């Protein structure tokens, strides 16, 4: 059952991956590039999980570490896409309350 959920997740991630890929080809927007990279990392994560649960024999600790690191990279890329899209300034932001 666990493998079926991983396969379903991998199939669902392909849809926005292709859509964002096409949108990036048309606009060349850096935020779409970050989002595309994030979905690509998610796809690799799900493909690795399917391989681990069906073909590869790996220790559970390594499996969880791969899942954690790929999730962390994906979250960072989605955050980069969001921050770039909102025009987040680099460095410290002053709080002018006056």
Residue pairs meeting the criteria (Cβ under 7 Å; at least 6 apart or on separate chains; first farther than 19 Å from residue 10 by Cβ, in the range 56-82; second surrounded by 14 or more Cβ atoms within 10 Å (Cβ to Cβ)): 80/34; 81/31; 81/34; 81/35; 81/38
Subset of the range 42-61 (residues that are assigned to a helix (DSSP H, G or I) and over 22 Å from residue 4 (Cβ atoms)): 61
Looking only at the range 10-46, and only at residues there that are in contact (Cβ under 8 Å) with a residue 40 or more places away in the chain and closer than 26 Å to residue 64 by Cβ, the one that is surrounded by the most Cβ atoms within 10 Å (Cβ to Cβ): 35
Search result, residues across the range 49-65 that are under 17 Å from the mean Cα position of the chain (by Cα) and at pLDDT below 90: 49, 50
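The values are calculated or read from the model by the stated rules, or taken from the named source; none is laboratory data. If you're wondering where the values come from, they're calculated on a predicted model, not measured in any experiment. Neighbour counts run over all protein chains shown; Cβ positions are idealised from the backbone, glycine included.
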